[in-house]
Each structure stands twice: as C-alpha cells, then as structure tokens.
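Asks: Take this structure, written in structure tokens, and hold onto it; I'll ask about it next.
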Amino acid sequence: KNEVEQSPQNLTAQEGEFITINCSYSVGISALHWLQQHPGGGIVSLFMLSSGKKKHGRLIATINIQEKHSSLHITASHPRDSAVYICAAFRDDKIIFGKGTRLHILP
Amino acid sequence: GAVVSQHPSRVICKSGTSVKIECRSLDFQATTMFWYRQFPKQSLMLMATSNEGSKATYEQGVEKDKFLINHASLTLSTLTVTSAHPEDSSFYICSARGHSAEAFFGQGTRLTVV
C-alpha cells in the first residue's frame with residue numbers, strides 16, 4: 001500500500017462541474033502539497049497545507065490532520081483545468097508523491 | 001511566489017555522451033534540492049536529495065556514479081547523466097526548498113537518448 005493514496009485516478013467531467021480530488025496518507029507529515037502537472041510535464045505548486053483550508057481563485061484545498069486526509073476542489077471547472085493533479089506529502093526531509101489524478105474537462 | 005528555473009527543457013543526446021541539467025532557485029536560497037525522475041504516466045520518483053555543500057543522498061537503486069549531483073551553491077544544483085543510454089530517456093524534475101517546508105518545482109527536462 002502506498003503511503004500516499006489519491007482518488008480517483010482518472011476523472012472526466014463537463015465544463016462547469018465541481019471537481020473533488022482526494023488524498024489520504026498513512027504517515028505523519030509536516031505539510032502537504034497539491035501540484036498540477038500539465039501535458040508538457042511542467043509542475044506548478046498549487047497549495048501547501050499543514051492545517052485547515054486554503055483558497056486561490058477557483059481552487060480550494062482542505063486538510064484534516066486527524067483523519068490524514070486532504071481534498072482539492074475545483075469550482076466551475078474549465079477545459080484549461082485539464083491536467084494531472086498530484087498530492088505530495090512532506091515527511092522529514094522527503095516528499096512522498098501520490099500517483100496523481102488525471103483530470104479531463106470537456107467543453 | 002518563488003521561482004525555480006530548470007534548464008534545458010528538452011535535450012536529445014547520443015548514447016554514451018553525458019548531459020548536464022541545471023536547477024536554479026532565482027529568488028531564494030535553496031538549502032535542499034531534490035531530483036526526480038518520471039516515466040510516462042507514472043508518479044515522480046525521488047532520485048536523490050542534496051543539501052548545499054554536502055554530498056547528495058541517493059535513493060536505493062539510483063546509481064550515484066551515473067547520476068552525478070552537485071549542489072555547490074545555495075542557488076544552483078546540477079544533475080549530470082553520465083554515459084547516457086536510451087533507457088535513461090525520461091523526464092527529470094528538480095525541486096528546491098529553503099528554510100520553510102514549501103518546495104518549488106522546476107519545469108522539468110525531457111531527456112531523449114538516441
């Protein structure tokens with residue numbers, strides 16, 4: 001079992017839909033990142049969380065430390081949101097990555 | 001936000017040659033840099049962690065003589081793939097971290113060995 005599990009692995013939705021991607025981890029962490037990777041491979045860090053909730057534009061990330069769970073939400077999804085979203089947990093001096101969620105938003 | 005610049009973004013090299021990839025933190029001091037490798041449709045795999053001024057710590061299964069990592073300054077780390085072979089073709093990404101827990105990622109380098 002991976003230390004960081006993401007679900008779903010693949011998600012296709014219509015433009016405008018509310019999107020939720022989940023991340024569960026089984027180890028103690030100091031922080032959790034949500035990353036966005038576009039088809040070309042480049043990675044953008046969306047959020048770093050150690051508690052609570054953060055919002056940036058149409059993106060919202062939450063984390064529940066007790067339950068070892070984080071969610072990334074996208075409101076009013078758009079085709080340009082199509083990408084792979086990766087959950088990454090910081091533990092000691094290492095980063096443990098989830099396998100990613102491939103999101104495809106249809107126009 | 002903080003910026004990490006990785007260069008080159010794409011490189012094609014002949015089998016047997018060496019390729020150097022640079023990772024620079026542009027507006028902060030990167031005390032720790034991480035190098036990752038990613039195969040198609042797979043997760044990022046940590047290759048090594050380097051702290052400025054000290055030798056890199058390699059993950060199990062990563063050949064340190066093949067993947068040379070240098071982190072000589074607080075703003076620059078390099079990964080050299082020596083005697084490259086077609087199986088080394090992959091996407092390589094660096095990330096850099098300063099004194100906070102937040103890490104920032106380079107744009108990646110797609111290496112093709114022919």
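The values are calculated or read from the model by the stated rules, or taken from the named source; none is laboratory data. What you see is a predicted model; the values in this text were computed from it and never measured. Glycine also receives a Cβ, built like all others from the backbone with ideal geometry; neighbour counts cover every protein chain displayed.
Asks: Residues to consider are B:Ser43, B:Ser54; find the one that is crowded, with 17+ Cβ neighbours inside 10 Å, assigned to a loop (DSSP other than H, G, I, E, B) and polar (S, T, N, Q).
Replies: B:Ser43
Asks: Additional query: Select from segment A:60-107 the residues that are basic (Lys, Arg) and more than 14 Å from chain B (Cβ to nearest Cβ) and write down the one among them that is nearest to the chain's Cα centre (by Cα).
Replies: A:Lys68
Asks: Would you confirm whether any residue within segment B:65-77 is of a type in the set (D, E, K, R) and away from chain A (no Cβ under 14 Å)?
Replies: Within segment B:65-77, one or more residues are of a type in the set (D, E, K, R) and away from chain A (no Cβ under 14 Å).
Asks: Sticking with this structure for a sec: With respect to the numbered conditions (1) at pLDDT 90 or above; (2) among the hydrophobic types (A, V, I, L, M, F, W, C); (3) more than 24 Å from B:Ser89 (Cβ to Cβ), which one is the sole condition not fulfilled by B:Ala30?
Replies: Looking at each condition in turn, B:Ala30 falls short on (1).
Asks: Let me ask something else about it. I want to confirm something. Restricting to segment A:15-44 and keeping residues that are closer than 20 Å to B:Phe105 by Cα and of a type in the set (S, T, N, Q), which single residue is nearest to the chain's Cα centre (by Cα)?
Replies: A:Gln36
Asks: Just to confirm my filter: which strands (runs of 3 or more DSSP E) fall fully inside segment A:50-107 and include at least 3 residues that are of a type outside the set (A, V, I, L, M) and surrounded by 15 or more Cβ atoms within 10 Å (Cβ to Cβ)?
Replies: The strands (runs of 3 or more DSSP E) meeting that bar are A:69-74, A:83-91.
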